[in-house]
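This report refers to the structure that appears directly beneath it.
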Amino acid sequence: MNDYVDSLTSHVIGMIEKRKVNDPILSKELEQRAGVSGVKIREIIHRARTEWNMPICAENRGYFMPSNKIEADRTIRSLLSRAKQLREAAEGMEKHYMKDKQMRLL
């Protein structure tokens, strides 16, 4: 990873780490303060959660660091639910093409 990415990641994570459940930071604010797109913010948060096991929480009011597992549970449940819905959608699409081994839209 280059120095810019390290610096950007540290900057974004640092802004989130200061926030608690009652004072989350919106993605738009992170984007403006870091000078990057929402896609980049989500990539940074994904990496922090998956590679560094950081419990960054998200809700419609923004991102924050939980004080305990109870505060994190809502985000955990939301992520698991979204994963289930995405899997179901992909499986539904696959089933379309499995009918009589169709390779194009019926």
Report task. Could you give me the residue pairs with C-beta distances under 9 Å whose first residue belongs to region 77-99 and is closer than 16 Å to CYS57 by Cα and modelled with pLDDT of 90 or more, whose second residue is outside any helix (DSSP H, G or I) and hydrophobic (A, V, I, L, M, F, W, C) wherever it lies, and which are 6+ apart or on separate chains? Result -> SER78/ALA58; LEU79/ALA58
Query raised in the report: Does ARG61 qualify as being farther than 22 Å from SER81 by Cβ and of a type outside the set (Phe, Trp, Tyr)?
Result: no
Query - Every residue from region 56-75 that is touching a residue at least 24 places away in the same chain (Cβ under 8 Å) and part of a loop (DSSP other than H, G, I, E, B) - result: ILE56, ARG61, MET65, PRO66, SER67
Report task. Consider ALA48 carefully, then state whether it is assigned to a strand (DSSP E or B), surrounded by 12 or more Cβ atoms within 10 Å (Cβ to Cβ) and hydrophobic (A, V, I, L, M, F, W, C). Result -> no
Report task. Could you list, in sequence order, all residues of region 4-45 that are hydrophobic (A, V, I, L, M, F, W, C) and surrounded by fewer than 15 Cβ atoms within 10 Å (Cβ to Cβ)? Result -> VAL5, LEU26, VAL39
Report task. Using the structure shown, decide if ASN22 is within 13 Å of the chain's Cα centre (by Cα) and part of a loop (DSSP other than H, G, I, E, B). Result -> no
Query raised in the report: Just to be sure, is TYR97 of a type outside the set (S, T, N, Q), farther than 19 Å from ILE16 by Cβ and surrounded by 12 or more Cβ atoms within 10 Å (Cβ to Cβ)?
Result: yes
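The values are calculated or read from the model by the stated rules, or taken from the named source; none is laboratory data. What you are looking at is a predicted structure, and each value in this text was computed from that prediction instead of being measured. FYI the Cβ positions are ideal-geometry reconstructions off the backbone, even for glycines, and counts take in every protein chain you see.
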